[in-house]
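One structure is given below, encoded as structure tokens.
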Amino acid sequence: MISSDQPEDHRHGLQPFKQMNGINQNRVSILFSFKMRTVLTLLISTLCLANLIAQDSQGEINTKVTTSSAQQLARATIQLHRAKDSALLRTSISDDSGRVVLKAVPYDAYFITVSMVNYKTIDGSKFELASPILNYPEIRLEPEATGLEQVTVTAKKPFVQLMPDKTIVNVEAGLTNTGANMLEVLEKSPGITVDRDGNISLKGRQNVLILIDGKQTYLPASEIAQMLEGMSASQIDQLEIMDNPPAKYDAAGNAGVINIRTKKIKQRGFNGNLSSSYGQGHYYKNNNSLALNFRRDNLNLFLTYSSSNNGNFTDLDANRVYYSPGTKNIVSRLNQDGWLAGDIANHTLRAGADISIGKSTSLGFALSGVAINRKGNNTATSTWDDESGATDSLIRTFTNSRNRFRNGGVNLNFKHALSKSKDVSVDVDYLDYDIVGRQNFDNITETPVRYVETLRADLPSSIGIFSGKIDYHQQIDNSSSFDAGYKTSAVRTNNKAEYFLLNNSNWDVDYDKTNYFAYRENIHALYVSGEKRLNAITLQGGVRWEHTSYNAAQTGNPTRKDSIFDRSYHGLFPNLSVQYKADSNNTFALTAGRRLDRPAYQKLNPFVFVINKYTYMSGNPFFQPQYTWNLNATHQFKEYITTTINYSITNNYFSQIFFQDDKGIIYYSEGNLGRMRNIGISVTAQTNVTGWWSMNTLMNLYNKKIEGNAVMPGETQLTQFNMNLGNQFRFNKGWSAELTGFFVTRERELQEITDPTGQIMIGVGKQVLKNKGSLKLTLRDIFYTQAMKGDTDFENAFEYFKLTRDTRVLTIAFSYRFGKSFKSASKRTGASEEMERVGTGA
């Protein structure tokens, strides 16, 4: 058991990295700067918000949309018309509970129109708004007996929806998401950045908890990035971005939670969606998806399938300088140029059913499967120069890699209403992953003497995950509620790394790299939370307790002694939120909470993974959890501007660590530093500039300070900025267009700094086939500016790198929706939430 009486080196999780004390400190202070055109863009965006100055005599309209049997209806379209001239003043969409809030409405006479696919459109009677808050009577929609072809949808969901506690991104509303994969969608979403290794950051902080339909994937960052890269944007409905989620969510994810909600068809009858896209960059990109749904009375059946086959490349330029220990005297230079070309093929299938049993019970199950095949061929040239710049040796490396990713999952869910105000739900998931990686390296030394070294690697791993939870909810009265729950999960993973060297036609085991790693982890969690509304104030608070235990074994290498290590820890993670609605225009919120991040179990694995002859990756069995306190203060003006000041402090901060051995090989790993402090301000705004032009902007400015510790000393501080800007245009006759972009200034960790990057995207779309189909044409990264480049400091070495990928892509896409609605045979029973639920694994 690892405990606090261990040597200091072990408690910091850095014992294998003592040789790193000589980190170059000359680059600690970096000035914040960005180009004048960025400043001008910000000024233009701000000026466009001038029409949002507060107006007198405005109120708020609240209502709810339900079926004729009083079941809540999500995603209904609500249009507010001025009574005197029938002019359309505002359009909104009901949330998951059927509720609608129309804010900042001038006092006047109005009428409301409500429509939804497969339901009869309602034109409400005239009413007068003459008070700050008007509670409009509940709106009940009758089912439409005719087919889908007779229903016209007249409103579009906004690309970004701002709320005091979260931001919602409607993926399909963004034209430039056409043909993109999920990682690319995240990259252009408000406040989110993706680094060169696929790590996702939210407002400058890594370690975001990624959920799919509210469920964890339990995968490390590299596998999550691989899975998201193979997931088409056409599968996704919404992103929910939460900086400080409540206690019912897992405590993992110091930066917050991103919940990826997949598409679900909610219309009754048999309905479907079909989409296909083809993109051309340097290589081809093809994405296809099909969604089928049958919903009638108490039964809902669903099936979705998607496939993608995308070519890609990475062009690498790296120049490394080695110094004499303790000096800046150059002893050698290593110049590496590499070209990696490959493709990724993805197939995803989900199917299941939801069944309502009586008026109070619902059952559901879902099966899911993912198959991803990746292959690549890399050609690289490495040139060693001596201190005078003369070539000492030339090495060519040819790499062939194959990776197979398989995932199968099953979900069972149950919900029972104990009474009108109490219910209990149960979710059980089992996930199985089978990952196989194979690599072949041919290292050919051309000078001074020709020499061929051939290396082969087999890297299989298997992961089994069980997760179960039970949740209890009680609505105490109209203004207060109580929630409690328990969750347990178990992870079992086995990893092999088998390396072989070719010796006279025989494959000899390379015991310097060969290993076997087995890992077992169990997590138990309990939570309680409550919510209370007191007129203009809403209080929400809770606490979560989590206990983690794991054991791991490193075996299978006769030249090394087997090692076994284990650890157990627990903690409380409180969460508090206070919202104050000052008036119909202004809402204030204050949230605070504690969160943690566990090292991904594969990052505890001490295996060596070969990148090239002179660059390896390795795990760290002494890696420990990090803990973060978050504090956010938010102001929301109408539905247009949300301003947040955030502060966080992280102890045992996760950081990439780079070191070299006595052979000059650079190792990439991770470990714990002292702490990281982050303070920042973000402004998210959206406005209708004209009736046909809407704009959304996010600007995030933050200062990050990273402190080392006794084993790895040093300190760095950098003020950073990132920005997302989106423009959506809606024209007559079904035409639409979009112009979006993002920009990120320099980013820094203790040893690595990356240069500014960003891109601009455009798209145009047209509704066809009586509005049941659409054609879209998009171009991503118009000016081909999304390169990743920067500097890395090692002990007694320094490296400049630049990675260019296949980011400039022209895509054409077609989508078509089809189906037939049914007349309701009987009164619907059960909760509509369960009827709409699609449980998935990963």
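Based on Cα atoms of the range 668-770, Rg over Rh with Rh as the Kirkwood radius reads 1.21. Cβ-Cβ distance of Asp315 and Lys705, R₀ of 60 Å, FRET efficiency by 1/(1 + (r/R0)^6): the value works out to about 0.95.
The largest-to-smallest principal axis extents of the Cα set in the range 318-392 are 83, 31, 10 Å. Counting Lys and Arg as +1 and Asp and Glu as -1 over every other residue whose Cβ lies under 12 Å from the Cβ of Asn319, the net charge comes to -1.
Evaluating 6.51 cos²θ - 1.76 cosθ + 1.60 at θ = phi - 60° for every residue in the range 651-667, the Karplus couplings come out as 9, 6, 4, 5, 8, 5, 10, 10, 8, 10, 9, 6, 9, x, 7, 8, 10 Hz, glycine and proline recorded as x. Measuring between alpha carbons in the structure, the pairs from Lys166/Lys638; Lys103/Lys264; Lys375/Lys496; Lys64/Lys532 lying more than 25 angstrom apart are Lys103/Lys264.
From most to least packed by mean Cβ count within 10 Å, the peptides 586-596, 485-495, 442-452 give 586-596, 485-495, 442-452. Solvent-accessible surface of protein heavy atoms, probed at 1.4 angstrom with all chains present, puts Ile564, Ile78, Ile782 in the order Ile564, Ile782, Ile78, largest first. Surface composition of the chain: carbon plus sulfur atoms hold 56% of the accessible area, using a 1.4 angstrom probe and ignoring ligands, DNA and RNA. In this structure Thr66 has an accessible area near 0 Å², from a 1.4 Å probe over the protein heavy atoms.
Shown here: the range 426-564, whose C-alpha atoms stretch 83, 32, 23 Å along the first, second and third principal axes, sorted largest to smallest.
Normalised by the number of residues in the range 70-143, the average gap of Cα pairs under 8 Å and 6 or more apart makes the relative contact order 28 percent.
Among all the aspartates and glutamates, which ones have a C-alpha under 20 Å from Lys733's C-alpha, if same-chain residues fewer than 8 places away are not counted? Filter leaves Glu149, Glu172. Protection proxy ranking of 629-637, 127-135, by the mean of other Cβ atoms within 10 Å over each peptide's residues and highest first, is 629-637, 127-135. For the pair Phe565 and Glu128, how long in nm is the line joining their label points, each one 7 Å along Cα→Cβ? My value for the distance between the label points is 7.5 nm. As a length-normalised measure over Cα pairs under 8 Å and 6 or more apart, the relative contact order of the range 358-423 settles at 46 percent. Once C-alpha pairs closer than 8 Å and six or more residues apart are averaged by separation and normalised to the residue number of the chain, the relative contact order reads 14 percent.
Surface exposure of the chain, expressed per residue as accessible area with a 1.4 Å probe, stands at 42 Å².
Sort the chain into rounded, prolate or oblate with this rule: let a ≥ b ≥ c be the square roots of the eigenvalues of the Cα gyration tensor; rounded if a/c is under 1.5, and if a/c is not under 1.5, prolate when a/b is larger than b/c, oblate otherwise. Display every interim value, and only then the final one.
On the way: a/c = 1.70, a/b = 1.64, b/c = 1.04.
Prolate.
Counting heavy atoms of the protein chains alone, Leu349 has an accessible area of about 80 Å² for a 1.4 Å probe.
For the range 712-718, the Karplus equation 6.51 cos²θ - 1.76 cosθ + 1.60, evaluated at θ = phi - 60°, returns couplings of 10, x, x, 8, 9, 8, 8 Hz by residue, with Gly and Pro reported as x.
Using alpha carbons only, how many degrees (0 to 90, rounded to 10) separate the axis of helix 36-47 from the longest principal axis of the chain? Here the helix axis deviates by roughly 20 degrees.
Between His416 and Ile681, how high is the FRET efficiency from 1/(1 + (r/R0)^6) when r is the Cβ-Cβ distance and R₀ = 45 Å? Nearest 0.05.
Working: r = 45 Å, r/R0 = 1.01.
Step by step, r from the Cβ atoms, then E = 0.50.
Once the C-beta distance of Lys733 and Arg75 is scaled by a Förster radius of 41 Å, the resulting FRET efficiency is 0.95 to the nearest 0.05. Which residues in the range 714-757 have a backbone N closer than 18 Å to a point placed 7 Å from the Cα of Asn199 along the Cα-to-Cβ line? Residues 714-722, 744-757 qualify, since their backbone N sits under 18 Å from the label point. Taking amide H as placed 1.01 Å from N in the peptide plane, the amide H of Leu604 sits under 5 Å from that of Asn620, each at least 5 places away or on another chain. Once the Cα-Cα distance is subtracted from the 0.36 nm per residue extended length, the Leu631 to Val331 segment shows a gain of 103.2 nm.
What's the magnitude of the charge dipole for the chain around its Cα centre, counting Lys and Arg as +1 and Asp and Glu as -1 at the beta-carbon? Answer in Debye, nearest 20.
On the way: 92 positive and 81 negative charges, 565 e Å.
Roughly 2720 debye for the chain.
Rounded to a whole number of µm²/s, how large is the Stokes-Einstein D of the range 208-319 at 25 °C and 0.890 mPa s, given Rh as the Kirkwood radius over C-alpha pairs? Walk me through the intermediate numbers first.
Values: Rh = 16.7 Å.
Estimated diffusion coefficient is 147 µm²/s.
Extending 7 Å from Cα along the Cβ direction at Asn503 and again at Asn377 yields two label points whose distance is 3.0 nm.
Taking 0.36 nm per residue of separation and subtracting the current Cα-Cα distance, fully stretching the chain between Gln280 and Phe818 would add 190.9 nm. Paramagnetic label reach from Asn494 (point 7 Å along Cα→Cβ; backbone nitrogen cut-off under 19 Å): within the range 450-477, residues 458-466. Couplings for the range 792-797, taken from phi via the Karplus curve 6.51 cos²θ - 1.76 cosθ + 1.60 with θ = phi - 60°, read 10, 9, 10, 6, 6, 7 Hz in order; Gly and Pro are left as x. Ranking Leu209, Ala525, Ile641 by Cα position along the charge dipole of the chain, where only Lys, Arg, Asp and Glu carry charges on their C-beta atoms, puts Ile641 farthest toward the positive end.
Legend: residues Glu240, Glu749, sorted from most to least accessible area (1.4 Å probe; ligands, DNA and RNA excluded), read Glu749, Glu240.
Available extension along the chain between Leu775 and Tyr107 is 236.4 nm, counting 0.36 nm per residue and deducting the alpha carbon span.
The values are calculated or read from the model by the stated rules, or taken from the named source; none is laboratory data. The shown structure was predicted, so the numbers you read here are calculated from the model rather than taken from an experiment. So basically every Cβ, Gly included, is an ideal-geometry build from the backbone, and we count neighbours across all protein chains shown. SASA here: full protein model, heavy atoms, side chains in, ligands and nucleic acids out. Shrake-Rupley method; radii C 1.70, N 1.55, O 1.52, S 1.80 Å.
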